[in-house]
């Protein structure tokens, strides 16, 4: 902050006042360039995650939007509901790394500058894209009863497929 005496001195020396304003403007320009570079690097971020079995690979940008989806051959064997769950889970895994990656870019580009604003921004990203907690592996199915030879097998559930067109629909 400029004190009253310093302001008076600047008014007495207009050349010094101009030099100080030029340094201040140059500092602002340099800061704007660092922020623009950080923004550009952030916009170029891409994070990917794959399902454990390789059926699904999702890539997201720093805004969390999906930029690419790839399916491995294993995806063909998934029932649609299971494939949908795998897509969402894999997308959330990719998004979980966004806050950390953006924080890294900001630290590299800006150092310790403007910590409050960065903390607010990173906090917002962490609330939108929380880290995924490790899931416990599923429990193995219970063992069949010892006298299963006397019990008839359970009937298999029939899957009804929706017709591809209305002409083949029984309704």
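Derivation of every value follows stated rules applied to the coordinates shown; laboratory data play no part. Owing to the predicted nature of the structure, the values given are computational and were not obtained by experimental measurement. Quick reminder, even Gly has a Cβ in these numbers, built from the backbone with ideal geometry, and neighbours come from all protein chains shown.
What is the extension gain from residue 21 to residue 36, computed as 0.36 nm multiplied by their sequence separation minus the C-alpha to C-alpha distance, in nm to one decimal? List each step's numbers first, then the result.
On the way: separation 15, 0.36 × 15 = 5.40 nm, distance 2.23 nm.
Net length gain for the segment: 3.2 nm.
Would you order 66, 56 from fewest to most other beta-carbon atoms within 10 Å of each residue's own beta-carbon?
With the fewest neighbours first, 66, 56 line up as 66, 56.
Find the relative contact order for the range 13-132 and round it to a whole percent, using C-alpha pairs within less than 8 Å whose residues are 6+ positions apart.
Working: 133 pairs, mean separation 28.2, N = 120.
Relative contact order for the range 13-132 comes out at 23 percent.
Could you list 129, 71 in order of exposure, starting from the residue whose Cβ has the fewest other Cβ atoms within 10 Å? Could you put the intermediate results ahead of the total?
Details: 129 22, 71 16.
Ranking 129, 71 by Cβ neighbours within 10 Å, fewest first, gives 71, 129.
May I ask you to compute the full-extension gain from residue 68 to residue 121, defined as 0.36 nm times their residue separation minus their alpha-carbon distance, rounded to one decimal in nm? Walk me through the numbers before you get to the answer.
Numbers: separation 53, 0.36 × 53 = 19.08 nm, distance 2.51 nm.
Here the answer is 16.6 nm.
Size of the range 13-132 along its principal axes in angstrom, Cα-based, largest extent first?
Principal extents (largest minus smallest coordinate, Cα): 80, 22, 17 Å.
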